[in-house]
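What follows draws every value from the coordinates through simple rules; no lab data is involved. In this text the structure is predicted, and so the values were computed from the model without any measurement. Every residue, glycine among them, receives a Cβ derived from its backbone with ideal geometry; neighbour counts consider all protein chains shown.
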Amino acid sequence: MVENHAIHECGYVYNFHYHLVWVTKYRCAVFTTPQLVAEMLEILTSAASDNDINVEQAEVMADHVHLLLSFKPRYAPANVVKILKGASARTWFVAHPETKKLLWDGHLWSPSYYMGTLGDMSKETVANYIQNQRTERGKAGRPSKKAN
């Protein structure tokens, strides 16, 4: 089970996680053995670690990757994707140049991806919390102003 608690940094606290999925170019089955899967997992976790990205869970399938990530708010999610896909493809092709023959134009990854956020609270919980900030019943924020 994934720990889901706030991370404290100098000047801010954050608690968010991203589910990231992307596929190989043309959905070509590249990671077809346990050895190849393990190599790609190692490449991805190494690239993430080098860039201050925390991989909480990862799974490499024959033609796609699932990652559960957390990273500092100063990093743009799109840049994190670019880092992981770019670094992993470069490293993979050095170790496995024969893979380029499977992929007609030599790109390991499709340019598209899916990224979703998740956290401790549902969207409805947060919406209700915000909506009730200025009510007497709200437990946080300023109390409502009473008419004189």
Phi-derived 3J(HN,Hα) across the range 77-91 with the Karplus relation (6.51, -1.76, 1.60, θ = phi - 60°), rounded Hz, x for Gly and Pro, is x, 4, 5, 4, 4, 4, 4, 5, 5, x, 5, 5, 5, 4, 5
Expected output is a single nm value to one decimal: the length gained when fully extending between ALA127 and SER46, i.e. 0.36 nm times separation in residues minus the C-alpha distance. What is it? 25.4 nm
What nm distance separates the two modelled labels at ALA29 and ALA78, each placed 7 Å from Cα along Cα→Cβ? 3.5 nm
Sort LEU118, LEU69 by Cβ crowding within 10 Å, fewest neighbours at the top. LEU118, LEU69
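Which of LEU44, LEU103 has the fewest other C-beta atoms within 10 Å, and how do the rest follow up to the most?
On the way: LEU44 22, LEU103 17.
If I rank by nearby Cβ atoms, fewest first, I get LEU103, LEU44.
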re the range 1-94: pairs of Cα atoms spaced beyond 21 Å account for a percent value of 32 percent
With θ taken as phi - 60° and the coefficients 6.51, -1.76 and 1.60, list the Karplus ³J(HN,Hα) couplings across the range 22-30 in order, rounded to whole Hz; mark glycine and proline as x. 8, 10, 6, 4, 6, 6, 5, 6, 9
Calculated FRET efficiency for the pair CYS10/SER110, C-beta based, R₀ 41 Å, to 0.05: 0.65
